[in-house]
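Read through the structure below, which is laid out as C-alpha coordinates, and then see the notes.
The values are calculated or read from the model by the stated rules, or taken from the named source; none is laboratory data. A quick note: this is a predicted structure, and the numbers were derived from the prediction, not measured. Here Cβ is always computed from backbone atoms with ideal geometry, including for glycine, and neighbour counts include all displayed protein chains. The accessibility values were calculated without ligands, DNA or RNA, using every heavy atom of the protein model including side chains. Shrake-Rupley method; radii C 1.70, N 1.55, O 1.52, S 1.80 Å.
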Amino acid sequence: MAIESQTRHLGLGYDDQGSGDPPLLFLTGWCSSRARWAEVAALCSAQHRILNLDWRGHGDSDPAPGDFGVDELVDDALRLLDARGVDSFVPCSASHAGWVAIELCRRVPERVRRVVHLDWMVAEPSAAYMSLLEQLQSSEDWPRARAALFEIWRADVDLPAIDDAITVMAAQSGEMWMRSGRVIESSYRRHGTPLEALAELDSPPRVLHVYGQPHSAEYLEHQRRTAAGHPWFSVERLDVRSHFSMIEEADAVAGSIERFVMAP
(Lines give C-alpha, C1' and ligand atoms only; values in the text may rest on other atoms or scores of the structure.)
Protein backbone atom coordinates (compact mmCIF):
# COMPACT_ATOMS: atom_id res chain seq x y z
CA MET A 1 0.00 0.00 0.00
CA ALA A 2 1.31 3.43 -0.95
CA ILE A 3 2.47 5.82 1.73
CA GLU A 4 0.10 8.75 2.25
CA SER A 5 1.21 12.12 3.60
CA GLN A 6 -1.93 14.18 4.09
CA THR A 7 -5.53 14.42 2.95
CA ARG A 8 -7.25 17.78 2.89
CA HIS A 9 -10.46 16.59 4.50
CA LEU A 10 -8.59 15.17 7.52
CA GLY A 11 -5.95 17.87 7.94
CA LEU A 12 -3.70 15.23 9.49
CA GLY A 13 -0.23 14.17 8.41
CA TYR A 14 0.15 10.41 8.39
CA ASP A 15 1.74 7.39 6.72
CA ASP A 16 -0.28 4.36 5.64
CA GLN A 17 2.08 1.58 4.64
CA GLY A 18 2.42 -2.16 4.56
CA SER A 19 -0.22 -4.82 4.95
CA GLY A 20 -1.01 -7.59 7.37
CA ASP A 21 -3.06 -8.23 10.46
CA PRO A 22 -3.37 -6.77 13.03
CA PRO A 23 -2.97 -3.17 11.87
CA LEU A 24 -0.75 -1.04 14.11
CA LEU A 25 -1.50 2.60 14.95
CA PHE A 26 1.65 4.52 15.93
CA LEU A 27 1.04 7.48 18.23
CA THR A 28 3.86 9.86 19.07
CA GLY A 29 4.43 12.00 22.15
CA TRP A 30 3.63 15.66 22.65
CA CYS A 31 5.65 18.13 20.55
CA SER A 32 7.06 15.31 18.38
CA SER A 33 6.35 14.25 14.81
CA ARG A 34 5.64 10.85 13.34
CA ALA A 35 9.27 10.76 12.16
CA ARG A 36 10.09 9.56 15.68
CA TRP A 37 8.45 6.23 14.83
CA ALA A 38 9.61 6.07 11.19
CA GLU A 39 12.25 3.34 11.43
CA VAL A 40 10.15 1.06 13.64
CA ALA A 41 7.14 1.66 11.39
CA ALA A 42 9.16 0.66 8.33
CA LEU A 43 10.35 -2.53 10.03
CA CYS A 44 6.87 -3.48 11.25
CA SER A 45 5.33 -2.77 7.82
CA ALA A 46 6.96 -5.96 6.54
CA GLN A 47 4.29 -7.89 8.49
CA HIS A 48 1.56 -5.37 9.34
CA ARG A 49 -0.42 -2.48 7.99
CA ILE A 50 0.91 0.63 9.70
CA LEU A 51 -0.78 3.97 10.32
CA ASN A 52 1.67 6.54 11.71
CA LEU A 53 0.01 9.80 12.77
CA ASP A 54 0.96 13.42 13.36
CA TRP A 55 -1.28 15.06 15.98
CA ARG A 56 -3.05 18.30 15.14
CA GLY A 57 -0.60 21.18 15.30
CA HIS A 58 2.33 18.76 14.90
CA GLY A 59 4.45 17.61 11.96
CA ASP A 60 2.59 17.76 8.65
CA SER A 61 -0.84 18.20 10.22
CA ASP A 62 -2.78 21.45 9.99
CA PRO A 63 -2.42 24.00 12.80
CA ALA A 64 -4.74 23.28 15.72
CA PRO A 65 -7.93 25.40 15.48
CA GLY A 66 -7.93 26.02 19.23
CA ASP A 67 -7.03 24.45 22.55
CA PHE A 68 -7.14 20.68 22.78
CA GLY A 69 -6.29 17.74 24.99
CA VAL A 70 -6.58 13.97 25.16
CA ASP A 71 -10.20 13.82 23.99
CA GLU A 72 -9.41 15.73 20.80
CA LEU A 73 -6.36 13.55 20.11
CA VAL A 74 -8.58 10.48 20.43
CA ASP A 75 -10.90 12.12 17.89
CA ASP A 76 -7.93 12.57 15.52
CA ALA A 77 -6.94 8.93 15.84
CA LEU A 78 -10.48 7.68 15.22
CA ARG A 79 -10.97 10.02 12.24
CA LEU A 80 -7.84 8.61 10.64
CA LEU A 81 -8.77 4.99 11.35
CA ASP A 82 -12.28 5.46 9.98
CA ALA A 83 -11.10 7.38 6.90
CA ARG A 84 -8.60 4.64 6.07
CA GLY A 85 -11.08 1.83 6.67
CA VAL A 86 -9.34 0.29 9.69
CA ASP A 87 -11.64 -1.40 12.19
CA SER A 88 -9.71 -3.27 14.91
CA PHE A 89 -6.13 -2.23 15.61
CA VAL A 90 -3.25 -2.17 18.10
CA PRO A 91 -2.26 1.30 19.37
CA CYS A 92 1.50 1.66 19.89
CA SER A 93 1.98 4.82 21.92
CA ALA A 94 5.15 6.72 22.76
CA SER A 95 5.36 8.45 26.13
CA HIS A 96 2.20 10.36 27.10
CA ALA A 97 0.36 9.38 23.94
CA GLY A 98 -0.35 6.45 26.25
CA TRP A 99 -3.22 8.45 27.73
CA VAL A 100 -4.74 8.53 24.23
CA ALA A 101 -4.33 4.76 23.91
CA ILE A 102 -6.08 4.22 27.26
CA GLU A 103 -8.91 6.52 26.23
CA LEU A 104 -9.29 4.58 22.99
CA CYS A 105 -9.75 1.48 25.16
CA ARG A 106 -12.56 3.26 27.00
CA ARG A 107 -14.23 4.71 23.95
CA VAL A 108 -13.96 1.83 21.43
CA PRO A 109 -12.96 -1.25 23.47
CA GLU A 110 -14.29 -3.60 20.80
CA ARG A 111 -11.75 -2.21 18.31
CA VAL A 112 -8.61 -2.21 20.47
CA ARG A 113 -7.03 -5.65 20.23
CA ARG A 114 -3.90 -5.08 22.34
CA VAL A 115 -1.89 -2.06 23.48
CA VAL A 116 1.83 -1.31 23.35
CA HIS A 117 3.16 1.53 25.50
CA LEU A 118 6.72 2.72 24.87
CA ASP A 119 8.94 4.73 27.23
CA TRP A 120 6.29 5.91 29.67
CA MET A 121 6.10 6.66 33.38
CA VAL A 122 3.41 4.08 34.12
CA ALA A 123 3.91 4.19 37.90
CA GLU A 124 3.69 7.10 40.35
CA PRO A 125 5.72 9.99 38.91
CA SER A 126 8.35 11.48 41.18
CA ALA A 127 7.91 14.82 42.88
CA ALA A 128 10.75 16.15 40.71
CA TYR A 129 8.94 15.13 37.54
CA MET A 130 5.65 16.66 38.68
CA SER A 131 7.56 19.84 39.47
CA LEU A 132 8.89 19.90 35.91
CA LEU A 133 5.34 19.50 34.60
CA GLU A 134 4.27 22.48 36.70
CA GLN A 135 7.20 24.56 35.43
CA LEU A 136 6.37 23.53 31.87
CA GLN A 137 3.01 25.28 32.22
CA SER A 138 4.59 28.61 33.14
CA SER A 139 5.15 31.27 30.47
CA GLU A 140 8.39 32.17 32.27
CA ASP A 141 9.68 28.72 33.24
CA TRP A 142 8.78 26.44 30.34
CA PRO A 143 12.09 26.92 28.41
CA ARG A 144 14.11 25.81 31.45
CA ALA A 145 11.81 22.86 32.11
CA ARG A 146 12.05 21.79 28.48
CA ALA A 147 15.85 22.02 28.56
CA ALA A 148 15.92 19.84 31.68
CA LEU A 149 13.70 17.26 30.01
CA PHE A 150 15.86 17.24 26.88
CA GLU A 151 18.94 16.54 29.01
CA ILE A 152 17.22 13.65 30.80
CA TRP A 153 15.80 12.20 27.61
CA ARG A 154 19.02 12.41 25.59
CA ALA A 155 21.11 10.83 28.39
CA ASP A 156 24.31 11.77 26.52
CA VAL A 157 23.46 9.39 23.66
CA ASP A 158 25.10 10.75 20.50
CA LEU A 159 22.90 9.72 17.56
CA PRO A 160 21.94 12.01 14.66
CA ALA A 161 18.38 10.65 14.67
CA ILE A 162 17.98 11.62 18.34
CA ASP A 163 19.38 15.05 17.51
CA ASP A 164 16.76 15.30 14.76
CA ALA A 165 13.95 14.26 17.11
CA ILE A 166 14.96 16.87 19.67
CA THR A 167 15.28 19.52 16.93
CA VAL A 168 11.66 18.80 15.94
CA MET A 169 10.56 19.10 19.55
CA ALA A 170 12.55 22.30 20.10
CA ALA A 171 10.78 23.89 17.11
CA GLN A 172 7.38 23.54 18.77
CA SER A 173 5.91 26.70 20.26
CA GLY A 174 5.85 27.62 23.92
CA GLU A 175 2.08 27.42 23.72
CA MET A 176 2.26 23.75 22.73
CA TRP A 177 4.82 22.94 25.42
CA MET A 178 2.71 24.65 28.08
CA ARG A 179 -0.36 22.78 26.82
CA SER A 180 1.53 19.49 27.04
CA GLY A 181 2.44 20.13 30.66
CA ARG A 182 -1.13 21.04 31.52
CA VAL A 183 -2.69 18.02 29.78
CA ILE A 184 -0.15 15.51 31.13
CA GLU A 185 -0.44 16.75 34.71
CA SER A 186 -4.24 16.76 34.44
CA SER A 187 -4.21 13.13 33.25
CA TYR A 188 -2.19 12.01 36.28
CA ARG A 189 -4.38 14.03 38.65
CA ARG A 190 -7.58 12.71 37.13
CA HIS A 191 -6.74 9.04 36.54
CA GLY A 192 -3.87 8.27 38.91
CA THR A 193 -1.04 6.28 37.37
CA PRO A 194 -1.41 4.68 33.92
CA LEU A 195 -1.30 1.24 35.56
CA GLU A 196 -4.20 2.24 37.82
CA ALA A 197 -6.11 3.66 34.86
CA LEU A 198 -5.63 0.45 32.88
CA ALA A 199 -6.73 -1.70 35.82
CA GLU A 200 -9.96 0.29 36.10
CA LEU A 201 -11.04 -0.52 32.55
CA ASP A 202 -14.04 -2.85 32.40
CA SER A 203 -12.04 -5.42 30.47
CA PRO A 204 -8.39 -4.42 29.99
CA PRO A 205 -6.78 -5.64 26.77
CA ARG A 206 -3.38 -7.26 26.88
CA VAL A 207 -0.83 -4.49 27.44
CA LEU A 208 2.94 -4.45 26.95
CA HIS A 209 5.21 -1.70 28.25
CA VAL A 210 8.60 -1.53 26.52
CA TYR A 211 11.01 1.04 27.94
CA GLY A 212 14.55 2.15 28.65
CA GLN A 213 14.23 5.04 31.13
CA PRO A 214 14.16 5.24 34.10
CA HIS A 215 16.87 2.70 34.80
CA SER A 216 16.06 1.98 38.43
CA ALA A 217 15.54 -1.62 39.54
CA GLU A 218 12.67 -0.45 41.74
CA TYR A 219 10.71 0.84 38.75
CA LEU A 220 11.08 -2.47 36.91
CA GLU A 221 10.18 -4.47 40.04
CA HIS A 222 7.02 -2.38 40.53
CA GLN A 223 5.89 -3.29 37.03
CA ARG A 224 6.73 -6.95 37.54
CA ARG A 225 4.61 -7.00 40.69
CA THR A 226 1.77 -5.44 38.71
CA ALA A 227 2.17 -8.09 36.02
CA ALA A 228 2.04 -10.84 38.65
CA GLY A 229 -1.33 -9.56 39.88
CA HIS A 230 -2.73 -8.57 36.47
CA PRO A 231 -2.14 -11.21 33.77
CA TRP A 232 -3.12 -8.76 31.03
CA PHE A 233 0.01 -6.63 31.73
CA SER A 234 3.61 -7.38 30.80
CA VAL A 235 6.82 -5.36 30.79
CA GLU A 236 10.08 -5.50 28.85
CA ARG A 237 13.12 -3.42 29.82
CA LEU A 238 15.46 -2.67 26.91
CA ASP A 239 19.20 -2.10 27.16
CA VAL A 240 19.03 1.54 26.06
CA ARG A 241 20.09 4.76 27.74
CA SER A 242 17.84 7.41 26.24
CA HIS A 243 14.11 8.16 26.28
CA PHE A 244 14.02 7.39 22.56
CA SER A 245 14.04 3.59 22.50
CA MET A 246 12.42 3.47 19.06
CA ILE A 247 15.38 5.43 17.69
CA GLU A 248 18.22 4.02 19.78
CA GLU A 249 17.21 0.38 19.26
CA ALA A 250 14.63 0.27 16.47
CA ASP A 251 15.20 -3.42 15.74
CA ALA A 252 14.63 -4.37 19.38
CA VAL A 253 11.46 -2.29 19.65
CA ALA A 254 10.05 -3.66 16.39
CA GLY A 255 10.85 -7.19 17.54
CA SER A 256 9.13 -6.67 20.89
CA ILE A 257 6.02 -5.33 19.18
CA GLU A 258 5.94 -8.17 16.68
CA ARG A 259 6.28 -10.91 19.30
CA PHE A 260 3.60 -9.33 21.48
CA VAL A 261 0.95 -8.67 18.85
CA MET A 262 1.36 -12.11 17.25
CA ALA A 263 1.44 -14.11 20.49
CA PRO A 264 -1.60 -16.36 21.09
Completion exercise
A chain fully extended from PHE150 to ASP71 at 0.36 nm per residue, minus the present Cα-Cα distance, gains in nm 25.8 nm
Practice task
Pop out the carbon and sulfur fraction of the accessible area of segment 68-118 as a percent, whole number, probe 1.4 Å.
Solution key: 41
Problem - Cα gyration tensor shape of the chain, rounded if a/c is under 1.5, else prolate or oblate by comparing a/b with b/c - result: rounded
Completion exercise
Checking LEU27, LEU104, LEU78 against a Gaussian network model of the chain (alpha-carbon springs below 10 Å), the top fluctuating residue turns out to be LEU78
Exercise for the section: Could you tell me whether segment 3-146 comes out rounded, prolate or oblate from its Cα gyration tensor? Rule is a ≥ b ≥ c as square roots of the eigenvalues, rounded for a/c under 1.5, then prolate if a/b exceeds b/c, otherwise oblate. Expected result: prolate
Handout entry: Largest to smallest accessible area among MET178, MET262, MET169 [probe 1.4 Å]
Key = MET262, MET178, MET169
Completion exercise
Quick calc: nm separation of the 7 Å Cα→Cβ label points for HIS230 and ASP21 -> 2.9
Practice task
Compute the distance in nm between two label points, each set 7 Å from the Cα along the Cα-to-Cβ direction, one at ARG182 and one at ALA161.
Solution key: 3.4
Handout entry: Along the chain, longest interval not containing exposed GluC sites (Glu not before Pro), exposed being DSSP loop plus at most 13 other Cβ atoms within 10 Å
Key = 1-109
Exercise for the section: Take the Cβ-Cβ distance between ALA127 and ASP251 as r, set R0 to 35 Å, and report the resulting FRET efficiency rounded to the nearest 0.05. Expected result: 0.45
Handout entry: Between segment 76-116 and segment 131-199, the Cα center-to-center distance that results, in Å
Key = 22
Fill in the blank from the handout: Carbon/sulfur accessible area of segment 162-264, % of total, 1.4 Å probe, equals 49
